[in-house]
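The next block holds one structure in the form of structure tokens; read it before the comments.
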Amino acid sequence: MHILHVVGARPNFMKLAPVYRELARRNVQQTLVHTGQHYDANMSDVFFRELEIPSPDMNLNVGSGSHAQQTAEIMSRFEPVVLRCKPDMVLVYGDVNSTVAAALVCSKLMIKVGHVEAGLRSFDSSMPEEINRLITDRLSDLLFTPSQDANDNLEREGVTVDKICLVGNVMIDTLTRMLPAARTRMPVDVPERYALVTLHRPSNVDDIPWLSAMLGVLHKVGEQVPVLFPIHPRTRSRLLSAGLHVSAPNGLRFCEPLSYLDFLALQARATLVITDSGGIQEETTYLGIPCLTVRENTERPVTVHIGTNVLLGRDLQQLLATVNSILNGDFKRGSIPPLWDGLAAQRIADRLLATKQ
Ligand code: UD1
């Protein structure tokens, strides 16, 4: 069996790592294609190094662009690669532009597609990732889901149950493997209690008045507890072009994007996390760390129903009030969703190899 993996952006790499490792252990032939959607060393290379993912066999070097440009560029550069490699199946990950572009190419060439992290829905079509999820799932032959809600979504959309495989969360495979190493490091000098912040969604950072209002509130949070904010390149460029200061004198501290291990180390010891990321909602749930999500919706509802996540939408007063509650020791306790046990990649490999026979 020959599996070709397509990845391109930072959140893909921690999902790929356990699947690649498990298939290698079972001596499956694998080809790894990086689209180059993310290209900065601290958005890509460092993840390959820390997660011990082999160097990609090919990098399509597509870089940044509008959604149409980036998606089209990936498609036209990926098509000859997949024609040449003739894999039995292409595995795509998550919901980024690289995911949907590769799935579209394969579906026209009648090459089978497996989607890792299928079935998640925010039901918010203004989110580019939601379009990517819907189309990728529609085109996929095997849909590997992280939680029961994803199965329910797919069945409601008419996907036949034989294509859906509830495997659990591959992000948690990586987290459980890396956590002991992360716990031995402290990459940034932080006190006992601190808040960790990440924001990069277009709905938050491309809306400059809103971004400015959020920064104002983060400064207020910083008066109560030190705040560390590793800045995604998109957010940095928005802050700079809007003339919003990137360095702050008091409780709010900015830094460069962190490596997987460094970020996990900080996440695992944080008093609270404020984010708009999808993966971080899951990681904080696993770690039992309070997570305040600055979004109206989430495609990962188990993190709210079972885990430590709360959705705050655009209510900045509520954000401040919730931070205060947490600092006073008052916040819900979560638990870990079923099948978030570090064995999702094994279940994916079992299913892939069973398909072949
Ligand atoms: C992409 C994903 C998003 C994911 C995020 C994680 C899509 C539609 N979005 O968003 O789901 O949560 O990755 O980071 O695929 N840039 C750099 N260096 C890089 C990469 C990007 O400077 O290595 C800058 C460029 O100015 C670029 C901007 O960041 O235009 C946005 O990059 P892009 O890949 O378009 O989307 P993300 O916002 O990173």
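Miscellaneous remarks
- Of everything in the range 105-138 that is surrounded by 18 or more Cβ atoms within 10 Å (Cβ to Cβ) and of a type in the set (A, V, I, L, M), the residue that is modelled with the lowest pLDDT is Met127.
- All positions within the range 294-331 that are open to solvent by 60 Å² or more (accessible area, probe 1.4 Å) and touching a residue at least 40 places away in the same chain (Cβ under 8 Å): Glu296, Arg314
- Strands (runs of 3 or more DSSP E) lying entirely in the range 159-273 (those with 1 or more residues that are small (Gly, Ala, Ser)): 195-198
- Residue check, Val92 under 25 Å from His232 (Cα atoms), within 16 Å of the ligand (Cβ to nearest atom), touching an Asp or Glu at 6+ places or on another chain (Cβ under 7 Å) and β-branched (Val, Ile, Thr): no
- Number of the condition not met by Val81 [criteria: (1) crowded, with 16+ Cβ neighbours inside 10 Å; (2) within 19 Å of the chain's Cα centre (by Cα); (3) of a type in the set (A, V, I, L, M)]: (2)
- Candidate set from the range 12-26 (those that are in a helix (DSSP H, G or I) and surrounded by fewer than 21 Cβ atoms within 10 Å (Cβ to Cβ)); member that is farthest from the ligand (Cβ to nearest atom): Arg25
So that you can scan it fast, the table gives a plain yes or no per residue for (1) away from the ligand (no atom under 12 Å from the Cβ); (2) outside the structural domain of His34 (by TED's automatic domain parsing); (3) in a loop (DSSP other than H, G, I, E, B):
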| position | (1), (2), (3) |
| --- | --- |
| Arg77 | yes, no, no |
| Val81 | yes, no, no |
| Val113 | yes, no, no |
| Leu120 | no, no, yes |
| Glu130 | no, no, no |
| Leu134 | yes, no, no |
| Phe144 | yes, no, no |
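- Among the residues of the range 44-75, the ones that are buried (at least 18 other Cβ atoms within 10 Å of the Cβ), of a type in the set (D, E, K, R) and within 11 Å of the ligand (Cβ to nearest atom) come to 0 in all.
- Odd one out for Gln29 among (1) within 16 Å of the ligand (Cβ to nearest atom); (2) open to solvent by 10 Å² or more (accessible area, probe 1.4 Å): (1)
The values are calculated or read from the model by the stated rules, or taken from the named source; none is laboratory data. This structure is a prediction, so every number in the text was calculated from the model and none was measured. We place every Cβ from the backbone using ideal geometry, glycine too, and count neighbours over all the protein chains shown. Ligands, DNA and RNA are excluded from the accessible area calculation, which covers all protein heavy atoms including side chains. Shrake-Rupley method; radii C 1.70, N 1.55, O 1.52, S 1.80 Å.
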